[in-house]
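The values are calculated or read from the model by the stated rules, or taken from the named source; none is laboratory data. Note that this is a predicted model, so its numbers are computed, not measured. Cβ coordinates were reconstructed from backbone atoms using ideal geometry, including for glycine residues, and neighbour counts include every protein chain displayed.
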Amino acid sequence: MMFKLENSRTQNYDIGRYRGRWGDLGNGKYNNPVLAGDFSDPDIIRVGEDYFLICSTMQLSPGLTVLHSRDLVNWSIINNAVRDLTQISQNYNWNKMNGYSRCIWAPCITYNKKNSTFYIHFGTPDDGFFMVKTRDPFGEWSDVYEVKKADGSRFGFGWDDCSVLWDDDKAYFVATNFADNYKGYLFKLSDDGTTVLDDGVLIHAPHDEYAPLEYGPEANKLFKKDGKYYFFHNGCHTVEGATVRMAFIMRSDCIYGIHPDGTPGTFDNPGRYEHIKEPIVQGFREPCQGNIVDAITPQGVKWYFFTHHGSTDKDGRPCSLLPLEWQNGWPIVKYGEVEGRMIWENIEKPFPDSKKIIPQTSDDFDSAKLGHQWMWSFQPRADMYSLTERPGYLRLYAYKPLVEDKIETAGNTLLERNYRYNENVATAKFDISGMAEGQNAGLLHAAGRFHYGICVSVENGRRYIKIVSNDSRETITEFDASVKTVWFKSTWDFDFVNSFYYSFDGTNYMPAKDNIQLRGNDYRGDYIGFYNYNNISESGYVDIDYIKVESN
């Protein structure tokens, strides 16, 4: 089995037990998680000596974060594969903003050797399946293609968690129909990756022999090793009133299974699969969704399970790298004497001499393009921000939110991930000389629709520092209209308890509010960034000089 976990209601996967000492330790070893931020539903591949990782991004744009590594432990954000969410649906545009926690779910990245092309397939729970492709994952990705059914119709609502396998001269597509009680289907896929070629074969359903679950498979992964086909999934089950997640894996020499008499299954007459499953266990942040990848190291071939931790918390769903071995053709998490259990600390890196890398956070906005760590909440108005109008600054123009004073309905809100450290300080410098009547602009923590921030508000010709949240606006102080520059500072600890400060000289900071409990929400962890809107008219702007994020 993949994990042999204690069958206990108190079993928790405490990603914080090492208090922020995550990733590369600088001594040839690493601690889990290797990415202590919100990289949910990951998928990973190796192409040559390079590893590429992708994850869900929901309603954030550009979508589909792409990361790169040479050692599986240290990662850089190199791209976002979906430039424009409106190529999926107009619901994700700035003038609608329908779909918090929806849009891009559980993507799959593959590399087709026949045409040297990278593909990312993904689902949205309301719209169906889609695909983007490129020959250079560091460069430009294609426009979005919709994956259609064999009759040319859309998959539409109710599907998620797809996986693709390029298999010699064939291609296959696995997906879950959650609208039909989470049934899992296997389809043949066209060579260009845009059309399934049949109506699909049911490979798993709730309460069948493969796993006695109330819900069928999610987190689908389909891969081939040593001539065998492997279907890796997880699913949910209720134990003592709590919903828990369970991993299981199926395999066969034939992709359609084998009959009891040893003959291969077919599309019209599928066979059965060998299978194993972990014990049902309640764990708040169980390692449960990701993919298996090999590493060609100086010591030989090693195998790993790259997984997120389930149950969204303040840091979202961070990712861990678990060593595994193949035993009798089954992947078993194992490191030293530890087998089938979560492995947290002092793990040998696949490549001991590799350089430590931390994903990007600070930004001085000196480039004419936004860094790849940045994403807008929904598709932004392209004419309402600029990095060239005033070189060295990010200019955000203000326009009306969909609902007055509701930040979650304000377009052009810009965010980046936070990471789980013991101590964190983010400082941002705002030039507010261009602000107009009715405008609000500030530094924001956000997780989906949940938010907490500090801002400058212009009301009746007067200027205020305010603390804002989903349901409150608290005036901290009024200040003179002659002030042209404001610095905002946010501090938060390992448990994401936050304090806000402000300054008019960049040196002396005054407290605004403390003991704010940040949280995860809408399948998102805590992000930080900027917002800007005007309740009255489309007028005013702020220039942001920099954000500096310091963590230890």
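Among the residues of the stretch 374-383, those identified as surrounded by fewer than 19 Cβ atoms within 10 Å (Cβ to Cβ) and under 26 Å from the mean Cα position of the chain (by Cα) are R381, A382.
Step by step: first the residues of the stretch 209-223, then only those that are in contact with an Asp or Glu (Cβ under 9 Å, 6 or more places away or on another chain) and in a loop (DSSP other than H, G, I, E, B), then the one that is modelled with the lowest pLDDT. Which residue is that? The selected residue is G216. A single entry from S320, S362 fulfils the requirement of being among the polar types (S, T, N, Q) and buried (at least 20 other Cβ atoms within 10 Å of the Cβ): S320.
Can you say whether K302 is within 20 Å of F52 (Cβ to Cβ) and surrounded by 21 or more Cβ atoms within 10 Å (Cβ to Cβ), as far as the supplied structure shows?
Values: within 20 Å of F52 (Cβ to Cβ): yes; surrounded by 21 or more Cβ atoms within 10 Å (Cβ to Cβ): no.
No; evaluated as a whole, the condition is false for this residue.
With the checklist (1) over 26 Å from H308 (Cβ atoms); (2) in contact with a His (Cβ under 9 Å, 6 or more places away or on another chain) in hand, flag the one item V164 doesn't pass. Just one mismatch for V164, condition (1).
When you scan the stretch 93-103, do you find a residue that is surrounded by 21 or more Cβ atoms within 10 Å (Cβ to Cβ) and within 18 Å of N291 (Cα to Cα), even just one? No. Scanning the stretch 342-361 for residues that are assigned to a loop (DSSP other than H, G, I, E, B), in contact with a strand residue (DSSP E or B) (Cβ under 7 Å, 6 or more places away or on another chain) and among the charged types (D, E, K, R) returns E345, K349, K356. Can you tell me which residues in the stretch 468-510 are within 14 Å of I432 (Cα to Cα) and either in contact with a Ser or Thr (Cβ under 6 Å, 6 or more places away or on another chain) or assigned to a strand (DSSP E or B) (or both)? F479, K484, T485, V486, W487, F488, Y502, S503 - these are the residues of the stretch 468-510 that are within 14 Å of I432 (Cα to Cα) and either in contact with a Ser or Thr (Cβ under 6 Å, 6 or more places away or on another chain) or assigned to a strand (DSSP E or B) (or both).
Name the residues in the stretch 518-542 that are surrounded by fewer than 21 Cβ atoms within 10 Å (Cβ to Cβ), part of a strand (DSSP E or B) and over 22 Å from the mean Cα position of the chain (by Cα), would you? Please lay out each step first, then the result.
To start, the set of residues in the stretch 518-542 that are surrounded by fewer than 21 Cβ atoms within 10 Å (Cβ to Cβ) comprises 519-523, 535-539.
Still in the list and also part of a strand (DSSP E or B): 521.
If the condition is that a residue be surrounded by fewer than 21 Cβ atoms within 10 Å (Cβ to Cβ), part of a strand (DSSP E or B) and over 22 Å from the mean Cα position of the chain (by Cα), then no residue fits.
Here is a yes/no grid of residues against (1) at pLDDT 95 or above; (2) more than 30 Å from the chain's Cα centre (by Cα):
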position: T266; (1), (2): yes, yes
position: G283; (1), (2): no, no
position: P298; (1), (2): no, yes
position: L322; (1), (2): yes, no
position: K334; (1), (2): no, no
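Hand me the list of strands (runs of 3 or more DSSP E) wholly inside the stretch 16-118 holding 3 or more residues that are within 21 Å of F129 (Cα to Cα) and of a type outside the set (A, V, I, L, M, F, W, C).
Numbers: elements: 29-31, 43-47, 50-54, 63-69, 76-82, 105-112.
Per the criteria, 105-112.
Would you point out which residue out of I104, I109, I120 is closer than 14 Å to V66 by Cβ and out of contact with any Phe, Trp or Tyr (no Cβ under 7 Å at 6 or more places or on another chain)?
Values: I104 fails: out of contact with any Phe, Trp or Tyr (no Cβ under 7 Å at 6 or more places or on another chain); I109 fails: out of contact with any Phe, Trp or Tyr (no Cβ under 7 Å at 6 or more places or on another chain).
Only one candidate passes the filter, namely I120.
State all residues of the stretch 158-193 that are at pLDDT 95 or above, surrounded by fewer than 17 Cβ atoms within 10 Å (Cβ to Cβ) and under 22 Å from K133 (Cα atoms); if no residue qualifies, say none. Within the stretch 158-193, D167, K170, S190, D191, D192 meet the criteria. Take F248 and decide whether it is assigned to a strand (DSSP E or B), at pLDDT 95 or above and surrounded by 16 or more Cβ atoms within 10 Å (Cβ to Cβ). Taking the combined requirement at face value, the residue does not satisfy it. Taking the numbered list (1) over 28 Å from the mean Cα position of the chain (by Cα); (2) in a loop (DSSP other than H, G, I, E, B); (3) under 28 Å from S76 (Cα atoms); (4) among the aromatic types (F, W, Y) in turn, Y399 passes all entries but (3). Per the listing Y464, Y421, Y452, the residue uniquely part of a loop (DSSP other than H, G, I, E, B) and either farther than 15 Å from T485 by Cα or at pLDDT 95 or above (or both) is Y421.
Being in a loop (DSSP other than H, G, I, E, B) and not charged (D, E, K, R) is the filter here; which residues of the stretch 187-201 pass it?
In the first step, residues of the stretch 187-201 are kept if they are in a loop (DSSP other than H, G, I, E, B); the result is 190-194, 197-200.
Those that are in a loop (DSSP other than H, G, I, E, B) and not charged (D, E, K, R): S190, G193, T194, L197, G200.
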